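The values are calculated or read from the model by the stated rules, or taken from the named source; none is laboratory data. Here the structure is a predicted model, which is why all the values come from computation and not from measurement. A quick note on method: Cβ atoms are made from the backbone with ideal geometry, for glycine too, and the neighbour counts reach across all protein chains shown.
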Ligand SMILES: Nc1ncnc2c1ncn2[C@@H]1O[C@H](COP(=O)(O)OP(=O)(O)O)[C@@H](O)[C@H]1O
Ligand SMILES: [Mg+2]
């Protein structure tokens, strides 16, 4: 089978298990993001794939070959680290050539390969610069060129953009994604930044505590999270404590009765999950949920409300679609509603 397959991968450090029986695949040409909070085992997993950390158990197959015991330099992988890890005393071109030298690419082939890799990341003009003469974004593009020059079967990216400022990060995310799709690169990226994962990856694998919580497309994870960890980690979500009564009703811990998806079975204790942008403020709707504005923030493209329903506070995001939309003052009495399918019932953990 082509692509990457990870089977029952485990890692223990001094009897502490930090990666638990991990199973995941990256299809040929696919980009998968390992997403989770700091310390959940993302980098350890990636380093085991790269060959920098020895697994305590399980197998790693790349294009059908078990590479679990292979030294890093023999694996057909290219890796980009969080810190640019360029050699400061070498030019851009020499940094990129270094990877080729390590892989024993014949000297005569190297200049053309270096030029091609720098061209891919639009850094050809700066080939003779030293790393200190480059911005953070440029340095990270060189690091990417160095990983790509070896023409790897698998590209591994460990938080490659977290040292860049927010605006630049957004640009480079799109650049890498476009390049990955154009070249059909099989890629595994590690990040703790959910937006980065959503922008860049075909599929996301959500990790917590060394285990996979859920894997799926961005849409699947956002719209059908299987637990409250995933619901809260991918996008923003109101999580309301209470119990599902079945038949499309949920009773909050404070006693309010809220509509929910009618296929949800009775469940106690449970959490109701509603995305802030799915909540409508509609004072004309007599059947709405009575609420009160507890806070409001004008964010330009959106208005963020904190609303109170009988002692339960929710976040509501409204698009500022029509210019000059007025922000409702604190304490305004309002009624809320949401499509019942947007209110999912999840087990309380
Ligand atoms: N070399 C090591 N020795 C001991 N513990 C480690 C080592 N590397 C990582 N860990 C521990 O393993 C866990 C996972 O770390 P890591 O994979 O770096 O997480 P992430 O990349 O998701 O932030 C953490 O608890 C970390 O402290
Ligand atoms: Mg890490």
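Can you go through 99, 78, 137 and tell me which one is more than 15 Å from residue 180 (Cα to Cα), within 21 Å of the chain's Cα centre (by Cα) and assigned by TED's automatic domain parsing to the domain that holds residue 32?
Working: 99 fails: within 21 Å of the chain's Cα centre (by Cα); 78 fails: more than 15 Å from residue 180 (Cα to Cα).
Of the residues listed, the single one that is more than 15 Å from residue 180 (Cα to Cα), within 21 Å of the chain's Cα centre (by Cα) and assigned by TED's automatic domain parsing to the domain that holds residue 32 is 137.
Among the residues that make up the range 149-156, is at least one of them buried (at least 24 other Cβ atoms within 10 Å of the Cβ) and in a helix (DSSP H, G or I)?
Scanning the range 149-156, I find at least one residue that is buried (at least 24 other Cβ atoms within 10 Å of the Cβ) and in a helix (DSSP H, G or I), so the answer is yes.
Would you please list the contacts, defined by Cβ atoms under 7 Å and residues six or more apart or on different chains, that run from a residue in the range 43-62 that is in the same structural domain as residue 75 (by TED's automatic domain parsing) to a residue that is within 15 Å of ligand 1 (Cβ to nearest atom) and at pLDDT below 95?
Taking only residues 6 or more apart or on different chains, the pairs are 50/79.
Results for (1) more than 16 Å from ligand 1 (Cβ to nearest atom); (2) at pLDDT 90 or above; (3) in contact with a helix residue (DSSP H, G or I) (Cβ under 9 Å, 6 or more places away or on another chain), shown as yes or no for each residue.
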residue	(1), (2), (3)
145	yes, yes, yes
149	yes, yes, yes
154	yes, yes, yes
172	yes, no, yes
176	yes, yes, yes
184	yes, yes, no
192	no, yes, yes
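On the given criteria, is residue 164 part of a strand (DSSP E or B), in contact (Cβ under 8 Å) with a residue 12 or more places away in the chain and either more than 16 Å from ligand 2 (Cβ to nearest atom) or over 12 Å from the mean Cα position of the chain (by Cα) (or both)?
Numbers: part of a strand (DSSP E or B): no; in contact (Cβ under 8 Å) with a residue 12 or more places away in the chain: yes; either more than 16 Å from ligand 2 (Cβ to nearest atom) or over 12 Å from the mean Cα position of the chain (by Cα) (or both): yes.
Answer is no for this residue.
Given the residues 241, 284, 277, which is the only one that is surrounded by fewer than 17 Cβ atoms within 10 Å (Cβ to Cβ), part of a strand (DSSP E or B) and in the same structural domain as residue 339 (by TED's automatic domain parsing)?
Just a single option satisfies the conditions, and that option is 241.
Pick from the range 196-211 the residues that are in a strand (DSSP E or B) and surrounded by 19 or more Cβ atoms within 10 Å (Cβ to Cβ): which of them is farthest from ligand 1 (Cβ to nearest atom)? Walk me through how you get there before you give the answer.
So in the range 196-211, the residues in a strand (DSSP E or B) come out as 203-208, 211.
Next, only the ones that are surrounded by 19 or more Cβ atoms within 10 Å (Cβ to Cβ) stay: 203-207.
Numbers: 203: 18, 204: 14, 205: 12, 206: 12, 207: 7 Å.
Per the stated criteria, the residue is 203.
Only one of (1) part of a helix (DSSP H, G or I); (2) touching a strand residue (DSSP E or B) at 6+ places or on another chain (Cβ under 6 Å) fails for residue 95. Which number is that?
That leaves (2) as the condition not met.
So residue 70 fits all but one of (1) surrounded by fewer than 18 Cβ atoms within 10 Å (Cβ to Cβ); (2) in contact with a helix residue (DSSP H, G or I) (Cβ under 7 Å, 6 or more places away or on another chain); what number is the exception?
So the condition that residue 70 fails would be (2).
Go through the range 22-40 and report how many residues are surrounded by fewer than 15 Cβ atoms within 10 Å (Cβ to Cβ) and within 15 Å of ligand 1 (Cβ to nearest atom).
Our first condition is that a residue be surrounded by fewer than 15 Cβ atoms within 10 Å (Cβ to Cβ); within the range 22-40, this holds for 23, 28, 37-39.
When the remaining residues are screened for being within 15 Å of ligand 1 (Cβ to nearest atom), the result is 37-39.
Going through the range 22-40 one residue at a time, the tally reaches 3.
How many residues are away from ligand 2 (no atom under 11 Å from the Cβ) and part of a strand (DSSP E or B) when one looks only at the range 29-73? Write out each step before concluding.
Start the filter on the range 29-73 by keeping residues that are away from ligand 2 (no atom under 11 Å from the Cβ), which leaves 29-33, 35, 48-73.
From what is left, the residues that are part of a strand (DSSP E or B) are 31-33, 35, 57-62, 65-66.
Residues flagged as away from ligand 2 (no atom under 11 Å from the Cβ) and part of a strand (DSSP E or B) within the range 29-73 amount to 12.
Restricting the range 98-111 to residues that are surrounded by fewer than 16 Cβ atoms within 10 Å (Cβ to Cβ) and part of a helix (DSSP H, G or I), which is modelled with the lowest pLDDT?
102
When you go through (1) touching a helix residue (DSSP H, G or I) at 6+ places or on another chain (Cβ under 7 Å); (2) more than 25 Å from residue 78 (Cβ to Cβ); (3) more than 16 Å from ligand 2 (Cβ to nearest atom) one by one for residue 208, which number turns out not to apply?
Going through (1) touching a helix residue (DSSP H, G or I) at 6+ places or on another chain (Cβ under 7 Å); (2) more than 25 Å from residue 78 (Cβ to Cβ); (3) more than 16 Å from ligand 2 (Cβ to nearest atom) one by one, residue 208 breaks only (3).
What residue, among those in the range 223-237 that are touching a residue at least 40 places away in the same chain (Cβ under 8 Å) and part of a helix (DSSP H, G or I), is nearest to residue 342 (Cα to Cα)?
Top of the filtered list is 231.
So how many residues does the range 292-349 have that are touching a residue at least 60 places away in the same chain (Cβ under 8 Å) and part of a loop (DSSP other than H, G, I, E, B)?
Total satisfying the criteria: 4.
For the structure I just gave you, tell me whether residue 80 is buried (at least 17 other Cβ atoms within 10 Å of the Cβ) and within 16 Å of ligand 1 (Cβ to nearest atom). Break it down into steps so the answer makes sense when it comes.
Working: buried (at least 17 other Cβ atoms within 10 Å of the Cβ): yes; within 16 Å of ligand 1 (Cβ to nearest atom): yes.
Yes: the conditions hold for residue 80.
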